[in-house]
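Single-structure report; data block below.
We did not get these values from a lab; they are worked out from the coordinates using the rules stated. From a predicted model like this one, the values you see are computed outputs, not experimental measurements. Cβ: placed from backbone, ideal geometry, glycine included. Neighbour counts: every protein chain shown.
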Amino acid sequence: MKDWITQLRKGLLDFCVLNLLSHGEAYGYEIAQRLKSLQALAVTESTLYPILARLRAEGLLSVRTGASSDGPPRRYFSLTPEGRERLAEMNAYWSDLNRVIAGLQQGRLEEGGHHDTLP
Amino acid sequence: MTLSPEIQDGIKIYLWEVATHLFATDAETRTEILRDVESHIHEALAVHSAAPTPEDLRVVLAEMPPPASYAPEREMERWPNNNRRLTWNELPGALGEAGRRLIDGLRGFTWESVVGLILLVLGLPMLLRGYVLMRFGAGYDSAAAASGAPVLFNWGAETFVFLGIVLLSLGIVALILACGIGGVGMKRIRNSDWRLHGFLGAYIAYIVPQVLLLTFLISIFFLAFRGEHGSHFSLIVSLVMAGALNYFLIKYRWIALHRGAPKPVIAET
């Protein structure tokens, strides 16, 4: 894997996890399978689970345990109000970034528009 | 879904290897990650087969990333050019592998290891004192008569022998208890998939008492029956014997611990 792709992906994974969980709670294995199906992200368990632990420590995710017939209790992750707030900010920033980059790719510098979320 | 001991051991080995690469991570985060990884393996096994075999486990683990990939590289990358003060949780990462193991072991002290240590500290002096009192008591009459020294306590030889027996017994019981409690600690560590406690705690509560108890018992044996070579020679021989005995004891325990466990599969990346 090229370095620049790895760096780009690292920053995006938090964003992807929060977006995935915005549609409802999910347990670790479920999240891993869904993200792994998106091949461009190339997510592995060793990148996903530390991210889930960190997002929970930051208060963006909450965890509840539920019984599982297949082994230890499942840990269901869901967004906290702070997580939803952060995701809204990230989504807004992502839209702005997308538009700016699309503009750059087309050889034009965007003027005006929504610069409020870009730092 | 019921898993065979072989599969359970295989999962434990993978988790243990992951845990060793998470030494720089704080204990709470590490526990969470290990819990999620363990749950992930069980779910993956269930998807694979309703009655998983060790072969299924090998396939599941081969599909997962190698344990080394769990190392928190972003934290590790911070060390070289970072002048800020370290927090307690970051300290192990800055000390290198040996330091990380030491600090993690210290953090992993459990009530068993603390009680075991207290019993060890109390038990050993009681053993020694009891042994001395017994010997002194046994030779009291002849020693007092020969030296003509004033008698401080007019207790008689029987009292010293009695005290010696009591202290000796208490000391032996304390050390055996220290070993037993260490065993409880060790069992808890194993039952928690090696994630709860540090090895230093287990070592102090479990292995050290055994070493000391055996050393002491063998020393008594040799001192009591020492021949023409004198006590120094017999003490050295007894210590060597105790060392050899403990080597095989620990080796046996290590083999028993890993008996039947499949070799962990490392996925290619």
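If we count every other residue with Cβ under 10 angstrom of B:Ser49's Cβ, Lys/Arg +1 and Asp/Glu -1, where does the sum land?
With Lys, Arg at +1 and Asp, Glu at -1, the neighbours total -2.
What order do you get for A:Glu30, B:Glu32 when you list them from fewest to most C-beta neighbours inside 10 Å?
A:Glu30, B:Glu32
Using the Cα centre of the stretch A:3-80 as the reference point, and only Cβ charges (+1 on K/R, -1 on D/E), how large is the resulting charge dipole? Debye, rounded to the nearest 20.
About 60 debye.
With everything on Cα atoms, drop me the angle between helix A:3-21 and the longest principal axis of chain A, reported from 0 to 90° to the nearest 10.
That helix lies at roughly 60 degrees to the long axis.
If amide H atoms are built 1.01 Å from N in the plane of the peptide, which residues on other chains or at least 5 residues away come under 5 Å of the amide H of A:Asp70?
Long-range HN contacts for A:Asp70: none found.
Once both axes come from the Cα atoms, what is the angle between helix A:45-57 and the longest principal axis of chain A, in degrees from 0 to 90, rounded to 10?
Roughly 90 degrees between the two axes.
Rounded, prolate or oblate: which fits the stretch A:3-80, taking a ≥ b ≥ c as square roots of the Cα gyration tensor eigenvalues, rounded meaning a/c under 1.5, else prolate when a/b beats b/c?
In terms of gyration-tensor shape, prolate.
Give me the net charge of A:Cys16's neighbourhood, meaning all other residues with Cβ under 13 Å from the Cβ of A:Cys16; Lys, Arg count +1, Asp, Glu -1.
Residues near A:Cys16 contribute +3 overall.
For the stretch A:52-102, how big is Rg over Rh, using alpha carbon atoms and the Kirkwood form of Rh?
1.21
Given the options A:Val17, A:Leu35, A:Ser62, identify the residue whose Cα lies farthest towards the positive end of the charge dipole of chain A (+1 on Cβ of Lys, Arg; -1 on Cβ of Asp, Glu).
A:Leu35
Using Cα pairs closer than 8 Å and at least 6 residues apart in sequence, work out the relative contact order for the stretch A:3-80, in percent.
33
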